[in-house]
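Participant: Here you go, one structure.
The values are calculated or read from the model by the stated rules, or taken from the named source; none is laboratory data. These numbers come from a predicted model, not from an experiment. Every residue, glycine among them, receives a Cβ derived from its backbone with ideal geometry; neighbour counts consider all protein chains shown.
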Amino acid sequence: MQKLVIHGGHRLQGEISISGAKNAALPLLCASLLTADTLTLQNIPHLRDVTTMRALLEQTGVRILANEPGTAELSAASITNPTASYDMVKTMRAAILVLGPLLARTGQAYISLPGGCAIGMRPVDQHIKGLQAMGAEISIEQGYIRAQASRLTGTRIVMDLVTVTGTENLMMAATLASGTTILENAAREPEVTDLADCLIRMGAKIEGAGSDIIVIHGVDRLHGCSHTVMPDRIETGTFLTAAAACGGDLTLTRTHADTLDVVLGKLTEAGASIETGESWIRLRMQQRPQPVSLRTAPYPAFPTDMQAQFMAMNCIADGTAVITETIFENRFMHVQELKRLNADIQVEGNTAIVRGIPRLDGASVMATDLRASACLIIAGLVAQGETIVDRIYHLDRGYEHIERKLTQAGAQITRTN
Ligand code: EPU
């Protein structure tokens with residue numbers, strides 16, 4: 001099994017280029033199911049989840065016409081097998097994103113029900129309820145969702161809670177429904193907007209993406225288009241937090257500051273000085289970070305996908321921070337690992353109290369999920385001595401060439417078998 005070996009204590013200096021967003025690329029790949037024409041996607045990150053999604057789409061009948069680095073050309077001219085097997089869904093929960101498009105395009109879908117995962121229960125009841133409201137007949141058979149509908153019908157759907165992939169699934173399904181669908185309490189995440197932009201280019205009639213009410217007027221067919229995946233705001237935030245924790249002067253290119261308002265505000269609160277341009281962000285940090293308390297919530301509030309990285313920075317802050325996780329019920333798995341580096345953290349329910357100490361000490365730690373892996377890397381980069389991060393297969397699901405990018409910025413980090 002591969003591991004990362006980190007020698008901490010180096011400042012981060014220089015330039016890092018940001019990849020396309022994983023959580024935008026995955027639904028965009030699924031959008032290819034909605035048309036018989038070719039969908040061309042650019043700025044696709046090279047990640048394990050993307051490879052898994054491509055394989056899943058191929059199993060349904062999608063042909064991948066070009067597969068150059070950064071580009072995917074997909075043709076769903078004929079969908080022969082509207083199925084997502086347990087083997088696929090268990091390795092990548094985002095596989096649920098094929099449910100809406102398959103059902104809308106072919107009238108049927110047979111999708112393995114995702115189980116819980118390391119960060120929480122993560123049910124998909126809102127996806128199912130929304131499709132049922134649009135007229136789908138849905139049953140659960142031997143761990144699979146069996147969905148059927150001759151044609152989905154637009155309706156008003158008020159979601160019980162804000163769900164990102166739930167909003168994406170229903171928005172994609174509604175593009176080919178008859179009549180108008182109104183999604184209320186929709187997710188406002190930039191990845192939802194990126195998907196809507198692509199769907200609109202494909203001929204969909206969508207208004208309000210980026211707000212909590214999205215209106216979709218169904219059309220008879222969608223056509224192909226070319227679309228560039230938005231930059232990864234979580235990868236951007238991860239490198240910025242690493243630089244704020246380690247100190248240094250880091251510029252991130254091919255990214256956008258406007259999807260990161262709250263994160264940039266919190267980094268400023270920690271003492272970083274930040275400048276932004278049209279497609280770059282520069283962070284300078286001279287001193288030990290100030291503690292930054294935060295509460296995760298749906299966009300535009302502080303993202304749960306940045307909580308673990310900020311926890312690592314707070315471990316060496318000059319004071320105490322309180323971190324509250326409101327999205328996932330079990331997203332503090334990194335706490336036990338951070339404690340192995342001597343961090344002082346106390347968890348009470350969904351709140352962690354982090355008392356900053358002047359230095360962490362390197363140790364062997366184990367990654368439990370994608371963002372926990374990023375958190376442990378940041379902790380390893382600031383710790384004195386050697387930190388070994390095990391189980392980094394989680395990391396490869398969501399960060400493209402992370403050790404190469406960090407090495408370029410002066411970190412000492414290598415991958416070993
Ligand atoms: N939820 C339900 N019922 C549903 C759907 C969601 O109860 O039908 C609950 C979840 O259990 C959770 C909350 O609602 O407590 C929010 O979950 P959401 O559905 O928004 O999460 P997701 O769509 O499964 C996406 C990202 C996650 C990110 C979350 C929150 C993708 C592929 N995944 O997941 O990304 O944490 O939104 O922003 O877009 C990651 O990249 O590391 C990651 C986990």
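Participant: Restricting attention to segment 269-287, which residues are out of contact with any Ser or Thr (no Cβ under 7 Å at 6 or more places or on another chain) and surrounded by fewer than 17 Cβ atoms within 10 Å (Cβ to Cβ)? Spell out how you get there, then give the answer.
Facilitator: So the first thing to find is which residues in segment 269-287 are out of contact with any Ser or Thr (no Cβ under 7 Å at 6 or more places or on another chain), and the list is 269-273, 275-278, 283, 285-287.
Listed by number, the residues that qualify are 269, 273, 275, 276, 277, 278, 286, 287.
Participant: Sticking with this structure for a sec: Determine which member of the set 305, 261 is within 16 Å of the ligand (Cβ to nearest atom), free of Cβ contacts under 8 Å to residues at least 60 places away in the same chain and not polar (S, T, N, Q).
Facilitator: Working: 305 fails: free of Cβ contacts under 8 Å to residues at least 60 places away in the same chain.
261 is the lone residue from the list that is within 16 Å of the ligand (Cβ to nearest atom), free of Cβ contacts under 8 Å to residues at least 60 places away in the same chain and not polar (S, T, N, Q).
Participant: What pairs come out if I take residues in segment 355-381 that are at positive phi and pair them with residues that are modelled with pLDDT under 95 and within 12 Å of the ligand (Cβ to nearest atom) whose C-beta lies under 7 Å away, six or more apart or interchain?
Facilitator: That search, which allows pairs on different chains as well, returns nothing.
Participant: While we're on this one: Report the residue count in segment 382-402 for those that are over 17 Å from the mean Cα position of the chain (by Cα) and at positive phi.
Facilitator: So the answer is 2.
Participant: I've got another one for you. Going through segment 43-70 one residue at a time, which ones are polar (S, T, N, Q) and over 27 Å from residue 369 (Cα atoms)?
Facilitator: Step one: of segment 43-70, the residues polar (S, T, N, Q) are 43, 51-52, 59-60, 67.
60, 67, listed by residue number.
Participant: Hey, can you tell me all the residues within segment 71-127 that are surrounded by fewer than 21 Cβ atoms within 10 Å (Cβ to Cβ), part of a strand (DSSP E or B) and either away from the ligand (no atom under 13 Å from the Cβ) or over 17 Å from the mean Cα position of the chain (by Cα) (or both)?
Facilitator: 71, 73, 75, 83, 108, 110, 112
Participant: Return the residues of segment 333-343 that are within 14 Å of the ligand (Cβ to nearest atom) and either surrounded by fewer than 23 Cβ atoms within 10 Å (Cβ to Cβ) or aliphatic (A, V, I, L, M) (or both); say none if nothing qualifies.
Facilitator: Filtering segment 333-343 for residues within 14 Å of the ligand (Cβ to nearest atom) gives 333-334.
Once the filter is applied, which keeps residues that are within 14 Å of the ligand (Cβ to nearest atom) and either surrounded by fewer than 23 Cβ atoms within 10 Å (Cβ to Cβ) or aliphatic (A, V, I, L, M) (or both), segment 333-343 yields only 333.
Participant: Kindly list the number of the only condition in (1) under 27 Å from residue 161 (Cβ atoms); (2) surrounded by fewer than 19 Cβ atoms within 10 Å (Cβ to Cβ); (3) not hydrophobic (A, V, I, L, M, F, W, C) that fails for residue 369.
Facilitator: Among (1) under 27 Å from residue 161 (Cβ atoms); (2) surrounded by fewer than 19 Cβ atoms within 10 Å (Cβ to Cβ); (3) not hydrophobic (A, V, I, L, M, F, W, C), residue 369 violates only (2).
Participant: May I ask you to verify whether residue 312 is touching a Cys at 6+ places or on another chain (Cβ under 6 Å) and either within 16 Å of the ligand (Cβ to nearest atom) or modelled with pLDDT of 95 or more (or both)? Spell out the reasoning first.
Facilitator: Details: touching a Cys at 6+ places or on another chain (Cβ under 6 Å): yes; either within 16 Å of the ligand (Cβ to nearest atom) or modelled with pLDDT of 95 or more (or both): yes.
Taking the combined requirement at face value, the residue satisfies it.
Participant: Before we move on, is residue 140 more than 15 Å from residue 102 (Cα to Cα), within 15 Å of the ligand (Cβ to nearest atom) and surrounded by fewer than 17 Cβ atoms within 10 Å (Cβ to Cβ)?
Facilitator: Working: more than 15 Å from residue 102 (Cα to Cα): yes; within 15 Å of the ligand (Cβ to nearest atom): yes; surrounded by fewer than 17 Cβ atoms within 10 Å (Cβ to Cβ): yes.
Yes; evaluated as a whole, the condition is true for this residue.
Participant: Filter segment 215-254 down to the residues that are out of contact with any strand residue (DSSP E or B) (no Cβ under 8 Å at 6 or more places or on another chain) and within 16 Å of the ligand (Cβ to nearest atom) and list them by number.
Facilitator: Once the filter is applied, which keeps residues that are out of contact with any strand residue (DSSP E or B) (no Cβ under 8 Å at 6 or more places or on another chain) and within 16 Å of the ligand (Cβ to nearest atom), segment 215-254 yields 233, 234, 235, 237, 238, 241.
Participant: Consider segment 56-70. How many of its residues are in a helix (DSSP H, G or I) and away from the ligand (no atom under 16 Å from the Cβ)? Steps first, answer last, please.
Facilitator: Filtering segment 56-70 for residues in a helix (DSSP H, G or I) gives 56-60.
With the extra rule that they be away from the ligand (no atom under 16 Å from the Cβ), the set shrinks to 58-60.
Here the count works out to 3.
Participant: Residues that are surrounded by fewer than 17 Cβ atoms within 10 Å (Cβ to Cβ), out of contact with any Cys (no Cβ under 8 Å at 6 or more places or on another chain) and modelled with pLDDT under 95: list the strands (runs of 3 or more DSSP E) wholly contained in segment 151-237 that include at least 1 such residues. Walk me through it before giving the result.
Facilitator: Values: elements: 156-158, 180-184, 205-207, 213-217, 225-228.
Filter on segment 151-237 gives an empty set.
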